[in-house]
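Enquirer: Dumping the structure here so I can ask a few things about it.
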């Protein structure tokens, strides 16, 4: 990557202002015209203990994931930050408080842990804040000032972001933070810089002025709004809660309705009910919520009612790890319900993709009369990226125009060439029909005749096949080298950023490599996937779960072997891990022992 | 097996690092902490004149690769200022509010540049060369062909002066009692040595007493004013008037200190758990019946190694080495001080 490519990690304890400092940093960098990817890790507890880390990658060119090694670590709490010193690259910087007010236990100070090839910068962050603003609460902002001074980043952009951050608070709060920043800046600017971290001015392009910082959840909200969401029903759950919170601010302004229900079962029931009534309706939840929704999801499939369910995965099973990321709800998203309940599942791979998938989800749900799941995970939901909003709304307006009424009773579930039946809203003249969770005939009336169940099952499945060719939606996309290659990397969801970075790194090492993202997980775009397999001697599938759920899905669908690379740590995949497997596969054709296994159709079916 | 011994070494120069490496060789289980206020790993300060030869990156000055500290399992604590040593409880107090215990301590904190009291008010107008950071600042302040006024001219300064002259700079040496420090020069030898400096290209101002330093701006922003009213101007003024032992953090350590830490021939202080090596210590000389400083880069390194061996059970004396020698060879000054 040319130009700036810098990753800064800020680590502190809950209550230290770690995430707030990271937020100011990333917004400032975006404001200056850099590309930014940022991701915060924080404890499930609200305040008082627990580790928080804000990581911000700042680059001149588009980056696709966080880097494994940060260039700079800012410690606001040595006890939490010391375990992360090893994540700082050689000749990178470690900034820490060299005058903490409390007695430090022997060996508990950062200076004892900075690696010999790293550069320690001790700064009296607490004292700087206290002297400048009268209290130590601006220690995090003083650290930002120090950072800006050390790396010669113009302070004006920071000051602008700080003003915005504290807008609405008493003026004294803003003033104190500005003073802490300025004081930190002066100290940082006077420090002799010994590391080799550099920042070049951003290459500000015309589109840069329109760039905004957005999370995956934020982009999902924008997508739902631009697609004309009319009803939202939800129950709070990490990491999906912010979707409802933001919709609650926006939807009433647009005449739309949002209701916090008593639980997830009610939320999806109301969503399906609204969809049945013709509204563009959605809900959002996480894995535990999706588990509760499974029965009603089946109703949506059986009754062929459009609805959108946004699922942001977190560590599981059960309550699991609410604030840690995982890609382990794939099976439940694709298969979770009683019976053969095929539905459409979209898994965006970046923040912009969240916008597109959320926006397209309503179109798909209506065109194919089925629930559509938009599958995110915490890493994507909470990850910030700079994105360029479209100049015009790319999503089709609600297409429903009422039933095409012919003679006789309305055949709501009639077989058609597309397997998509005519649809009527309740109460529409000529559209009277029965709707039920029971298997039914074309009129919707209950029927358990063998031939009827077979026909309806086929219809419910085959009507979705065309979804893989939905206009304006990327269901799968290949990157990197074209034609035959020794190793291809197949990925989905948030992990694909790391996959792309690994692919670029492999290419830079001279290893021919390709990668494909699969956005539509159900139904699978098999034509794309099989073409990918045809070109790759080995297919590596990295994902954040223990079992290799996507690998199983691919093996089952293609009958082809893959090499799995699974991680269930609650943290994002590491580029180096993927790259290491690519190297190994390219060199030996064998996966690393204990890390991956190669299983074919037999294994996946056994 | 008991707990491994905890060795603390204050100072990460050649004495400190040499001691740490020697301790590791003799005690594989030891916990070794090398403490320094510097932000950089071990580099040779006598290589700093290389900055005027085009070296810009501190990594090019490293005495050992950074990996060596891990290989030897030496904890390197940089950016750590020691504010106090408690010789009774065997602890080190850091400025960052941490107390570290030790079983044996070696102090090799070296010395800071000495400045005659008459000029102490002008310290802020002087440039330093004692660390990489200071050396870089000084180099940036001296343009190509620029002028350096050197007060005193100890052997550290003269080493730099030769490099400056060799790289096309002008050096004005203002002599005083510290010229050629730590050599003690007999009056009859002084003239020959000064002539040798002049022959090398160094301009000598001898016998004039500086009374003030001024910031006058312009092309040569520093001006030295002499008692006779004359002046000399340069881009920078640097004082090289010998070393002053850095012992201020030891004042309550309960060890005997005169100008430096007083140690016996085995480099052990009046506290059995504390040793000292290098420019910070005065060593008992049986021959001289008194405590003496032993300067010179080679002596410093050897002291560190001997102290380390003694801390790990040996009983080795730092015997009076050959006195430092200085002479003129082929028109240039040679000194055993500069031997590594």
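The values are calculated or read from the model by the stated rules, or taken from the named source; none is laboratory data. Note that this is a predicted model, so its numbers are computed, not measured. In this analysis, Cβ positions are derived from the backbone assuming ideal geometry, glycine residues included, and neighbour counts consider all displayed protein chains.
Enquirer: Scan the helices (runs of 4 or more DSSP H) fully inside segment A:97-183 and keep the ones with 2 or more residues being touching a residue at least 60 places away in the same chain (Cβ under 8 Å) and over 29 Å from residue B:39 (Cα atoms).
Expert: Filter on segment A:97-183 gives A:155-165.
Enquirer: Next question. Just name the residue that is surrounded by the most Cβ atoms within 10 Å (Cβ to Cβ) out of those in segment B:78-88 that are outside any strand (DSSP E or B) and more than 7 Å from chain A (Cβ to nearest Cβ). Reasoning before the result, please.
Expert: Going residue by residue through segment B:78-88, those that are outside any strand (DSSP E or B) are B:78-81, B:87-88.
In the following step, the residues that additionally are more than 7 Å from chain A (Cβ to nearest Cβ) were identified as B:81, B:87-88.
Numbers: B:81: 15, B:87: 18, B:88: 10.
That would be B:87.
Enquirer: Keeping to segment A:480-518, report how many residues are over 22 Å from the mean Cα position of the chain (by Cα) and surrounded by fewer than 24 Cβ atoms within 10 Å (Cβ to Cβ).
Expert: Counting residues in segment A:480-518 that are over 22 Å from the mean Cα position of the chain (by Cα) and surrounded by fewer than 24 Cβ atoms within 10 Å (Cβ to Cβ) gives 14.
Enquirer: Check residue A:39 against each of (1) part of a helix (DSSP H, G or I); (2) within 24 Å of the chain's Cα centre (by Cα) and name the one condition it does not meet.
Expert: Single failed check for residue A:39: (1).
Condition check ((1) crowded, with 23+ Cβ neighbours inside 10 Å; (2) within 12 Å of chain B (Cβ to nearest Cβ)) across all residues:
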residue	(1), (2)
A:69	no, no
A:73	yes, no
A:81	yes, no
A:85	no, no
A:90	no, yes
A:94	yes, yes
A:98	yes, yes
A:103	no, yes
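Enquirer: What is the number of the single condition among (1) within 34 Å of the chain's Cα centre (by Cα); (2) more than 30 Å from residue B:60 (Cβ to Cβ); (3) within 14 Å of chain B (Cβ to nearest Cβ) that residue A:150 does not meet?
Expert: (2)
Enquirer: For segment B:296-316, indicate whether the set of residues that are under 30 Å from residue B:93 (Cβ atoms), surrounded by fewer than 17 Cβ atoms within 10 Å (Cβ to Cβ) and at pLDDT 95 or above is non-empty.
Expert: The answer is yes; a qualifying residue exists.
Enquirer: A follow-up question, please. Tell me yes or no: at least one residue of segment A:153-162 is away from chain B (no Cβ under 14 Å), surrounded by fewer than 24 Cβ atoms within 10 Å (Cβ to Cβ) and touching a strand residue (DSSP E or B) at 6+ places or on another chain (Cβ under 9 Å).
Expert: Scanning segment A:153-162 turns up no residue that is away from chain B (no Cβ under 14 Å), surrounded by fewer than 24 Cβ atoms within 10 Å (Cβ to Cβ) and touching a strand residue (DSSP E or B) at 6+ places or on another chain (Cβ under 9 Å).
Per-residue answers, yes or no, for (1) facing chain A (nearest Cβ under 10 Å); (2) crowded, with 17+ Cβ neighbours inside 10 Å; (3) under 28 Å from residue A:96 (Cβ atoms):
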position	(1), (2), (3)
B:43	no, yes, yes
B:56	no, no, yes
B:60	no, no, yes
B:90	no, yes, yes
B:114	no, yes, no
B:140	no, no, yes
B:144	no, no, no
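Enquirer: Also, quick follow-up: Of the residues A:299, A:247, which single one is under 18 Å from residue A:217 (Cα atoms), surrounded by 20 or more Cβ atoms within 10 Å (Cβ to Cβ) and more than 15 Å from the chain's Cα centre (by Cα)?
Expert: Matching residue, one of A:299, A:247: A:247.
Enquirer: Of the residues that make up segment A:443-454, is at least one at positive phi and in a loop (DSSP other than H, G, I, E, B)?
Expert: So far as segment A:443-454 goes, yes, one or more of its residues are at positive phi and in a loop (DSSP other than H, G, I, E, B).
Enquirer: Within segment B:270-280, is there a residue that is out of contact with any strand residue (DSSP E or B) (no Cβ under 7 Å at 6 or more places or on another chain), over 27 Å from residue B:140 (Cα atoms) and surrounded by 22 or more Cβ atoms within 10 Å (Cβ to Cβ)?
Expert: Yes, because at least one residue in segment B:270-280 is out of contact with any strand residue (DSSP E or B) (no Cβ under 7 Å at 6 or more places or on another chain), over 27 Å from residue B:140 (Cα atoms) and surrounded by 22 or more Cβ atoms within 10 Å (Cβ to Cβ).
Enquirer: What's the number of the condition residue B:180 fails, among (1) loosely packed, with under 15 Cβ neighbours inside 10 Å; (2) in a loop (DSSP other than H, G, I, E, B); (3) at pLDDT 95 or above; (4) touching a strand residue (DSSP E or B) at 6+ places or on another chain (Cβ under 9 Å)?
Expert: (1)
Enquirer: If a residue must be assigned to a helix (DSSP H, G or I) and closer than 16 Å to residue B:131 by Cβ, how many such residues does segment B:37-77 contain? Show your work before the answer.
Expert: At the first step, the residues of segment B:37-77 found to be assigned to a helix (DSSP H, G or I) are B:45-53, B:58-61, B:67-71.
Going one step further and asking which of them are closer than 16 Å to residue B:131 by Cβ, we end up with B:45-52, B:58-61.
Residues that pass the stated criteria total 12.
Enquirer: Follow-up question, since we're still on this one. If we only count strands (runs of 3 or more DSSP E) wholly inside segment A:253-369, which ones have 3 or more residues that are touching a residue at least 40 places away in the same chain (Cβ under 8 Å)?
Expert: A:281-285, A:307-313, A:344-346
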